[in-house]
Amino acid sequence: MESFTPREQITDVVNRLFVYTDYQEWQKIQDDVFSESLFFDMSSLGGESKQMTSKAVCDTWQQGFVGIDAINHLAGNYLVQINGTEADVFAYATATHYKEAATAGKTREFVGSYDLHLIQTENGWRIDRFRYTLKYASGNLDLK
């Protein structure tokens with residue numbers, strides 16, 4: 001069986017965040033990506049930053065994606081710093097949302113960066129702090 005370095009394990013968790021979000025695999029995010037509770041900050045899109053359960057984050061995202069036909073995240077430029085059982089990851093990412101029924105353009109795109117903090121648990125690395133910083137958004141932002 002092949003073993004992976006801590007950096008590879010951490011990067012895999014971050015990739016799972018984006019892929020599972022695209023496929024709306026909310027339980028997998030709760031089980032394999034987030035710690036049970038995490039500090040969640042998407043205040044650059046509005047709202048507040050606060051401590052939340054992973055279930056509450058997934059429930060919020062699930063509600064936000066109602067009516068959207070496809071979601072696609074592309075992430076990269078990972079900068080990973082590991083300090084024992086903790087790690088920090090910086091990543092650039094774009095998120096494209098597609099809605100076939102939209103009449104003012106079928107897509108919207110969000111471009112920004114993520115600052116993630118992970119902890120090593122008995123079940124592997126998990127994200128316990130999540131901050132998204134929007135650089136810009138384009139397209140039909142309301143998807144109407």
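The values are calculated or read from the model by the stated rules, or taken from the named source; none is laboratory data. The structure presented is a predicted model; accordingly, all values stated were derived computationally and were not measured. Methodologically, a virtual Cβ is constructed for each residue, glycine included, from the backbone with ideal geometry; neighbour enumeration extends over all protein chains shown.
The table for this structure:
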read-out: Selection count, the range 40-54, where residues are outside any loop (DSSP other than H, G, I, E, B) and either surrounded by fewer than 15 Cβ atoms within 10 Å (Cβ to Cβ) or at pLDDT below 95 (or both); value: 4
read-out: Residue list for the range 102-144, filter: of a type in the set (A, V, I, L, M) and surrounded by 19 or more Cβ atoms within 10 Å (Cβ to Cβ); value: Ala102, Leu116, Leu118, Ile127, Leu143
read-out: Single residue of Gly64, Gly76 found to be without any contact (Cβ under 8 Å) to a residue 60 or more places away in the chain, exposed (fewer than 13 other Cβ atoms within 10 Å of the Cβ) and farther than 18 Å from Ala91 by Cα; value: Gly64
read-out: Matching residues, the range 28-51, being touching a helix residue (DSSP H, G or I) at 6+ places or on another chain (Cβ under 8 Å) and free of Cβ contacts under 8 Å to residues at least 60 places away in the same chain; value: Lys28, Ile29, Gln30, Glu36
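Matching residues to (1) among the charged types (D, E, K, R); (2) closer than 22 Å to Gln9 by Cβ; (3) in a strand (DSSP E or B); (4) in contact (Cβ under 8 Å) with a residue 60 or more places away in the chain:
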site: Ile119; (1), (2), (3), (4): no, yes, yes, yes
site: Arg129; (1), (2), (3), (4): yes, yes, yes, yes
site: Lys135; (1), (2), (3), (4): yes, no, yes, no
site: Ser138; (1), (2), (3), (4): no, no, yes, no
site: Leu141; (1), (2), (3), (4): no, no, no, no
site: Lys144; (1), (2), (3), (4): yes, no, no, no
